[in-house]
1. Quick check on the range A:258-266. Is at least one of its residues of a type in the set (Phe, Trp, Tyr), assigned to a helix (DSSP H, G or I) and either without any contact (Cβ under 8 Å) to a residue 12 or more places away in the chain or farther than 18 Å from A:Ile131 by Cβ (or both)?
2. Scan the range A:63-83 for residues that are in a loop (DSSP other than H, G, I, E, B) and of a type in the set (D, E, K, R) and jot them down.
3. Assigned to a loop (DSSP other than H, G, I, E, B), over 13 Å from the mean Cα position of the chain (by Cα) and in contact (Cβ under 8 Å) with a residue 24 or more places away in the chain: which single residue out of A:Gly270, A:Gly292 fits that description?
4. Taking the range B:133-179 on its own, how many of its residues are without any contact (Cβ under 8 Å) to a residue 60 or more places away in the chain and under 12 Å from the mean Cα position of the chain (by Cα)?
5. Taking the conditions exactly as written (surrounded by 18 or more Cβ atoms within 10 Å (Cβ to Cβ) and hydrophobic (A, V, I, L, M, F, W, C)), does B:Leu170 satisfy them or not?
6. Give the residue, chosen from A:Ile90, A:Ile187, A:Ile132, A:Ile102, that is assigned by TED's automatic domain parsing to the domain that holds A:Glu244, modelled with pLDDT under 95 and of a type in the set (A, V, I, L, M, F, W, C).
7. One residue is enough: does the range A:206-213 have a residue meeting the conditions surrounded by fewer than 24 Cβ atoms within 10 Å (Cβ to Cβ) and either polar (S, T, N, Q) or touching a residue at least 60 places away in the same chain (Cβ under 8 Å) (or both)?
8. Determine, yes or no, whether A:Ala176 is outside any helix (DSSP H, G or I), closer than 24 Å to A:Ala83 by Cβ and small (Gly, Ala, Ser).
Amino acid sequence: MTTETEVAQVLRPANHRRQDQVFKALAIGASSVIVALVVLVAVFLVTQAYPALRQNTANFFTSRIFSIDTPPIMFGIADLLWATIVTSVIAVVIAVPLGVSIALFLSHYAPERLARPAAQLVALLAAVPSIIYGLWASQLVAPYYLPVQDFLEKVLGWIPLFSATNTSGGATLMFAGIVLAVMILPIITSLSREVFAQTPTFHEEAALALGATRWEMIRTAVLPFGKPGVISAAMLGLGRALGETIAVTIIISSLSDQNRQSFSLSFFNGGETFASRIANNAAEFDTPTKAGAYISAGLVLFVLTFVVNAIARVVIERRRAFSE
Amino acid sequence: MAKRIDVKDLNVYYSSFKAVEDVTMTVEPRSVTAFIGPSGCGKSTFLRTLNRMHEVIPGARVEGSVMLDDLDLYAKGVDPVSVRRSVGMVFQRPNPFPTMSIYDNVIAGLRLNGVKGRKDLDEAVETSLKGANLWNEVKDRLKKPGAGLSGGQQQRLCIARAIAVRPQVLLMDEPCSALDPISTLAIEDLVNELKSDFTIVIVTHNMQQAARVSDRTAFFNLAATGKPGRLVEIGDTQKIFNNPIERATEDYISGRFG
Amino acid sequence: MSAATHTPDLVEQALPDPETPQSTGRRVKDRTATVAVWAAFVIAMIPLVWIIVALLVKGGSVVVSASWWTNSQRGMTTLTAGGGAYHAIIGTLLQAVVTAVISVPLAIMTAIYLIEYGRSTRFGRIVSFMLDILTGVPSIVAGLFIYALWVTTFGLQRVPFAVCLALVLLMVPVVTRSTEEMLKLVPNELREASYALGVSKWRTITSIVLPTAFSGIITGILLGLARVMGETAPLLILGPYSQSIATNLFSGFMGTLPTMINAERNEVAAIPLDRVWGAALTLIILVLLLNLAGRLIARYSAVRK
């Protein structure tokens, strides 16, 4: 029988206080590392971009030149910005309606036994590494995509956005955008599904009780309720697409200097995004100035994704504030 | 090992909101004291200040003093973790640790406080489970998960877990409110047996239960919604139920409100 | 757009005669919508099935040979068939393990801070905000940052360890967020029960909270690992490909499956292309195995809502 005094002895009093403090300090330390990392990313990108930007004799935002091997150093991001935004916007425009439909399928249409495995299959789509998407798209999908592009050129070619260009095969902004759409589909689907599933049942039942069909119920109850969530999902998807590197690098062909002379609005043009320009030249970071020029591009990409993600966050926070 | 609790001029705040006002009372050792009163009257909040469990809630603080025999629980330098070793607590809903076996649940408090000896632990398990009237039901499946027991058994497991660290006081926060009548009866019997070893304080919303198990009863009330809860009166259970001093107590006991 | 503004026309349509079946127009719309959402799901499955089948067909032949799993590509050219992906597999696994060893403690302690200590504190909100930013950092930018730090600032060489550091930046937010979710699922009652036994806070966290959330945390780690193993962009900047077996994290180059694919993806001959598809199949096998393991563990999770 353990007596009271024995227990009192083994229950070493107040010894834990120090341990508690150490443990909490570790937790705070780890959190501080996170904060420091983000600050460091920003600081390093800025400080390393700065010298190159100072030497830059071209306008960084409006120039399309990227000549950094020999002085005078000239580089600008206009065409990178264009290609990055075009591919990402195409991706979002395709992926949002598709992702929302799949989310509705998972939350409101799929039979209960199918909904779970189906959701996991969609999640698997997110597990496929992006280099495999790139490989698959450029080697296997491109031949099937070409006729579509030819058709669009023929029918819509009078619109500058769809005019024919010198870029051969499927190495176009349009095709990269389509592949990006597949890659951001899972995130848009899962976030949309989450908000659709949260639709208050009484909204749905109210609609159904008034004799609405399932689609009318979705249109009047589910979609309005989920709208901020879908917008936020679209922004997060956009953020992913903007920074996606290797798949885009594999798919789009960079333009020759000759083709770069004249700017084309066409989606069927080649080009380089921020990420693919950096990736294509990763082996050439041999001087601080050269590296700095690419780091400047990386900085713009960082700011761009930050803004897009911040918008997503604000939208979802505002919704949370309303629903509470 | 049972000790007396003396509470003096105790106020409890949640940030700026005063939840309990000006409580002074004595809880006698080796007896059962019941706290009754309408919901929201602060009886559970007050109970938590007796082992400083309210400190887990951000913004909660107290003024006043709580003496455990000679020790002021709120004196400077007193460590809330050590306080809780002396003043144990059983909660509304049974909450055995889901990752642990019945055996490990009972000795969780000992082991997490550094007790290692196999023999001591085995003994503690047997004594505590016997003390909680659960030994015969579970002695053949001590290695099975505690979550596999019925609700009433789980609650008795939680009581065994609480008494295994040999506290001087046992606080029970509506321990039967999630249980069926038969399990409730088992717990009430157990409370009766435990009072020979422990000082017991039990919060209950069930007046019959207070009448059945307690020696003394404290009635809490609040003047109006949004006002702090107060101790209306405390006395022998017989007296509180048959001949209370305050009109409010009589109204509550006779079911006129609450 | 709200439910309220739409109900009036629904009422008008539905009320006049509840006996008559729904108007054909409404029924057609309803059916169309049903077909459309099913079709959307099927469309989404096309890439998944296509990719898996293509990898099996095109990569299967090289992957089934024993030498694929035991040999490197040392001395191989685009004209010589054979060799294996051993060097790339161990490179990928080694970098993943090192990344995890650094990321997991950092992520778990951060999640513990956010849930157990920093809720509703100012610093907690700052950390959470920074974590959001980190989640959105493109992998190429993570690579650039480590390049700026490791090569430009410290004057060090591009070595596999630098790759790991870049991958840490990508893995930490994933594991932190998933761990946070799991810690949130641990009922507060368990923490209270532990405190009431006179157990200190850190003991409660390590002995009660973490074990309860354990399987969910493991799932998050495995999913984070799967993501990191397929990353290519930071490797382009920091981890040049090597055809030989390399295990030294601090000097020389190290082959990995993504860079093995990248090295020969532009070839047109059959021999290197087979290797590319084989490496892709191997990579997706590893990634899917981790995903599968993660999901299986999640299913037997102790924490249930």
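The values are calculated or read from the model by the stated rules, or taken from the named source; none is laboratory data. As the structure is a prediction and not an experimental result, all values here were calculated from the model. Positions of Cβ are backbone-derived with ideal geometry, glycine not excepted, and every protein chain shown enters the neighbour counts.
1. No; the residues of the range A:258-266 include none that is of a type in the set (Phe, Trp, Tyr), assigned to a helix (DSSP H, G or I) and either without any contact (Cβ under 8 Å) to a residue 12 or more places away in the chain or farther than 18 Å from A:Ile131 by Cβ (or both).
2. Start the filter on the range A:63-83 by keeping residues that are in a loop (DSSP other than H, G, I, E, B), which leaves A:63-65, A:68-73, A:76-77.
Passing the criteria: A:Arg64, A:Asp69.
3. Numbers: A:Gly292 fails: assigned to a loop (DSSP other than H, G, I, E, B).
Exactly one residue qualifies, and that residue is A:Gly270.
4. Result for the range B:133-179: 1.
5. yes
6. Numbers: A:Ile90 fails: modelled with pLDDT under 95; A:Ile132 fails: modelled with pLDDT under 95; A:Ile102 fails: modelled with pLDDT under 95.
None of the others qualify; the one that does is A:Ile187.
7. Yes, the range A:206-213 contains a residue that is surrounded by fewer than 24 Cβ atoms within 10 Å (Cβ to Cβ) and either polar (S, T, N, Q) or touching a residue at least 60 places away in the same chain (Cβ under 8 Å) (or both).
8. Details: outside any helix (DSSP H, G or I): no; closer than 24 Å to A:Ala83 by Cβ: yes; small (Gly, Ala, Ser): yes.
It is false that A:Ala176 is outside any helix (DSSP H, G or I), closer than 24 Å to A:Ala83 by Cβ and small (Gly, Ala, Ser).
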